[in-house]
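Working notes, beginning with the structure itself.
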Amino acid sequence: MNIILLGPPGAGKGTQAKRLEEKYGLVQLGTGDMLRAERASGSALGKEVQAIMDAGRLVSDDIMIKLIASRIDGAAKGFILDGFPRTVPQAQALDAMLAQKGLKLDRVIEITVDQAALIDRLAGRFTCANCGASYHDTNHRPAREGVCDVCGHKEFVRRADDRPEAVRIRFEAYRQQTAPILPYYQDKGILTRVDGMADIDEVTRQIVAVLSKIAA
Ligand code: AMP
C-alpha cells in the first residue's frame, strides 16, 4: 500500500505517518525529517538547504525529487509519504518514478485543519532532542516537567521554522504551491479528506477506516 499524507504545516502528517508506519509496516518517507537529518550530519546538501528551510520557503524541486528517488527503492513493500510532493512538478515526477518501477499510489489523504488552530499548534510545539517525541506548551507537556516521557532525555528543541515569521511563509507556500496538487489527485479519483481538527486518535481512526477499504 502506497499513500500520501497531505495538509498544511502543523496538520499532524508526521504524527499520523508514524502511527501508520507501525500499524501497517509501511516505510515513512518524511522529506522534512530527511532534510533535518542532512543538516544534523553537516552534509553539503544540509548546508545548502539550511537558510531556505529556516525561512519557511520550499527547497527546489530538483533537490527534492532526487532525494525521494533515492529512498523510494527501499520502500517497495509500501510507503507513506509525508511532506512530499509539495508542488505539481513534484507530483508529476513522483508519478513518473512510480510508473517506472511498476508501482502506484493507492490513496492520497488530505488532513484538513483550521488555520488559527495551526498557528497555535506550531508556536507551542517542541520535541525531545534525543528521540524526537513531540510535545506542546499547553496541550501536551511531558508528564514529568523537563523529562521526555518516551526516553527520559532532558533536552528539548524547537524548530526555527516554527517562529511566527517563518510560519506565515510556510502557510503561503502551502496555499500557493502545494494546494494546487489537491485537484491533481482529485481528478485521478484517489483523494480523501479527513478532519484534522479531531483529536489525534480520532484522526488515526478516520485514516485507518479509509485504508481498510483499500486493504480489503
Ligand atoms: P516539514 O517538516 O515537512 O514541515 O518540512 C520542513 C521544511 O523542509 C519545509 O518548510 C521546506 O523548507 C523543506 N521541505 C520538506 N519537504 C519538501 C518538499 N517536498 N519540497 C520542498 N521543500 C520541502
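The values are calculated or read from the model by the stated rules, or taken from the named source; none is laboratory data. Every value quoted in this text rests on a predicted model; they were computed, and no experiment measured them. As a convention, Cβ positions derive from the backbone with ideal geometry for all residues, glycine included, and neighbour counts pool all protein chains shown. Side chains are part of the model used for accessible areas, which takes the heavy atoms of the whole protein and leaves out ligands, DNA and RNA. Shrake-Rupley method; radii C 1.70, N 1.55, O 1.52, S 1.80 Å.
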Are any residues in the stretch 161-205 open to solvent by less than 40 Å² (accessible area, probe 1.4 Å) and hydrophobic (A, V, I, L, M, F, W, C), and if so, which ones?
-> ALA166, VAL167, PHE171, ALA173, ALA179, ILE181, LEU182, ILE190, LEU191, VAL194, ALA198, VAL203
Please enumerate the residues belonging to the stretch 73-90 that are surrounded by fewer than 20 Cβ atoms within 10 Å (Cβ to Cβ) and in contact with a Leu (Cβ under 8 Å, 6 or more places away or on another chain).
-> ALA75, ALA76, LYS77, GLY78
Evaluate the following for HIS140: is it at pLDDT below 95 and in contact with a Phe, Trp or Tyr (Cβ under 9 Å, 6 or more places away or on another chain)?
-> no
Which one of ARG36, ARG86 is part of a loop (DSSP other than H, G, I, E, B) and either within 10 Å of the ligand (Cβ to nearest atom) or free of Cβ contacts under 8 Å to residues at least 12 places away in the same chain (or both)?
-> ARG86
Give the number of residues within the stretch 1-33 that are away from the ligand (no atom under 11 Å from the Cβ), part of a loop (DSSP other than H, G, I, E, B), open to solvent by less than 40 Å² (accessible area, probe 1.4 Å) and touching a Leu at 6+ places or on another chain (Cβ under 8 Å).
-> 1
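So, in the stretch 52-83, of the ones that are charged (D, E, K, R) and outside any loop (DSSP other than H, G, I, E, B), which residue ends up farthest from the ligand (Cβ to nearest atom)? Full working, then the answer.
We begin by selecting, within the stretch 52-83, every residue charged (D, E, K, R); these are 54, 57, 61-62, 66, 71, 73, 77, 82.
Filter once more, keeping what is outside any loop (DSSP other than H, G, I, E, B): 54, 61-62, 66, 71, 73, 82.
On the way: ASP54: 8, ASP61: 7, ASP62: 10, LYS66: 12, ARG71: 12, ASP73: 18, ASP82: 7 Å.
Result: ASP73.
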Quick one: how many residues across the stretch 39-51 are open to solvent by 60 Å² or more (accessible area, probe 1.4 Å) and more than 12 Å from the ligand (Cβ to nearest atom)?
-> 4
